[in-house]
Number of protein chains: 2
Amino acid sequence: MSTNQIFIVDDDDAIRDALGWLFRSRGHVARLWSSAEALIAGGEIGRCGCLLLDIRMDGMSGLELFEWLRENGHDIPVIFLTGHGDVPMAVAALKKGAFDFVEKPFNDNELVDRALAALDIHHQRSSRQAAAREVDERLAQLTSRELEVMERVLAGQMNKVIAMDLGVTMRTVEVHRARIFDKMGVRSAVELAQLLTARTPKPD
Amino acid sequence: MSTNQIFIVDDDDAIRDALGWLFRSRGHVARLWSSAEALIAGGEIGRCGCLLLDIRMDGMSGLELFEWLRENGHDIPVIFLTGHGDVPMAVAALKKGAFDFVEKPFNDNELVDRALAALDIHHQRSSRQAAAREVDERLAQLTSRELEVMERVLAGQMNKVIAMDLGVTMRTVEVHRARIFDKMGVRSAVELAQLLTARTPKPD
DNA sequence: ATCGCGGTTGCGGATATCCACAATGTCCTT
DNA sequence: AAGGACATTGTGGATATCCGCAACCGCGAT
């Protein structure tokens, strides 16, 4: 899968090459970028499974790139690399949602392990996101009237009540209901409820 | 609410007192403990809203106490305090689920802010947990047979199918179904689905 | 042995849901 | 004006669900 790719962004040629060699020598696909700007310009972020990101770089910093990614809907796991990091910086990065924070010089095996762990959670996330997108697409196909009906179906209201509520006939509600099930790809109100309740963005 | 209490565990008398004074002077309820063992022995952890925890202590360390808490079902937010922390330690603590990691000496205002943030998320969690517990209690009231039926109801199966599946009459399934709804405090399969789908422990 | 709980079933009726077939009217686009 | 998407309604029948009333059975506890 292309999303197994490990993207590496570091403006230090030596370190970048060392990282590339490290991962490739172990059979992983690594792609190298010498600056945050280059990565963004490349437009291939979507194909990245996890990102090893140097914090201190000329131009856009690693933290700035990280924030840019989050603002643009990429929530791939990011492992920050830093030669001169301190505790507050690490804490801030992790609290903002970074996956990990590693100091240079790093232990090769440990870094690889962490990157693989990042890939793991990336896969978990991406499958859930794919499902969520799928649901959203289906929801988008519903007409406004159908949404009104669906809302009430999910509230557990009977067709009779919904009909009264919307000022239409039961028959009309039945038709909407059938269309909703059809468009949403479910075969019962229970499945619909599960689909939409699970879809809810996780709090915490 | 008693869960607004801030528990402070530090074996350094001076720091502990300073922390207590800091929070109390700002109108918060702070309770002090001089060791991890004392906190556990006190048996009042449940009343704590967030926990400020020194990492380096004689006897049980802060990290050990943290793990003990997690293993014993307390997922209150913990802010680690440390005088000699390093980046890997901070990263490890946060990845294990600590809420924050602060170095001594700390900035008073900042620490208070972070503690209040911790209280915030504690309240969010606790209300969700209360709901989850409530559901679990109701689930526990179901007989094994009712669980079997419920499982199939949630799978969207019709009574007819469930009956065949379990080798019983439709009437029997109807009875179970009614009891399930009654015990779970819902009035339709849709509500049941929402209740149990939402209950699912958050991944990520 | 008597009692309670849980699982089971039957009967019969009131409701509710699902659906095929058919049709009308509105609004908007081509 | 023709075509299409959408909301709406009707008829009528097949299914499915919901429930009160009544009852039987096995098992463990008193």
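The values are calculated or read from the model by the stated rules, or taken from the named source; none is laboratory data. None of the values given here were measured: they were computed from a predicted structure. Using ideal geometry, Cβ is built from the backbone for each residue, glycine included, and neighbour counts are taken over all protein chains shown. Each accessible area value is taken on the protein alone, full model and side chains, heavy atoms only, with ligands, DNA and RNA left out. Shrake-Rupley method; radii C 1.70, N 1.55, O 1.52, S 1.80 Å.
B:Q141 meets each of the listed conditions (1) without any contact (Cβ under 8 Å) to a residue 40 or more places away in the chain; (2) open to solvent by 40 Å² or more (accessible area, probe 1.4 Å) apart from (1). One residue alone among A:V149, A:V135, A:V190, A:V173 is surrounded by 13 or more Cβ atoms within 10 Å (Cβ to Cβ), more than 8 Å from DNA strand D (Cβ to nearest atom), under 24 Å from B:V153 (Cα atoms) and more than 12 Å from every other protein chain (Cβ to nearest Cβ), and that residue is A:V135.
Residues checked against (1) outside the structural domain of B:I76 (by TED's automatic domain parsing); (2) away from DNA strand C (no atom under 16 Å from the Cβ):
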| residue | (1), (2) |
| --- | --- |
| B:K96 | no, yes |
| B:F99 | no, yes |
| B:R114 | no, yes |
| B:L119 | no, yes |
| B:A132 | yes, yes |
| B:K160 | yes, no |
| B:R171 | yes, no |
| B:H176 | yes, no |
| B:D182 | yes, no |
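Looking across the stretch A:96-114, the residues that are surrounded by fewer than 17 Cβ atoms within 10 Å (Cβ to Cβ) and touching a residue at least 24 places away in the same chain (Cβ under 8 Å) come down to A:K96, A:G97, A:K104, A:D108.
Every listed requirement among (1) of a type outside the set (A, V, I, L, M); (2) near DNA strand D (Cβ under 10 Å from one of its atoms); (3) more than 36 Å from the chain's Cα centre (by Cα) is met by A:D165 save one, (2). Within the stretch B:115-128, the set of residues being open to solvent by 60 Å² or more (accessible area, probe 1.4 Å) and either at positive phi or within 11 Å of chain A (Cβ to nearest Cβ) (or both) comprises B:Q124, B:S127, B:R128. Filtered by the rule that a residue be open to solvent by 30 Å² or more (accessible area, probe 1.4 Å), closer than 23 Å to A:G43 by Cβ and outside any helix (DSSP H, G or I), the stretch A:1-30 gives A:M1, A:D11, A:H28, A:V29.
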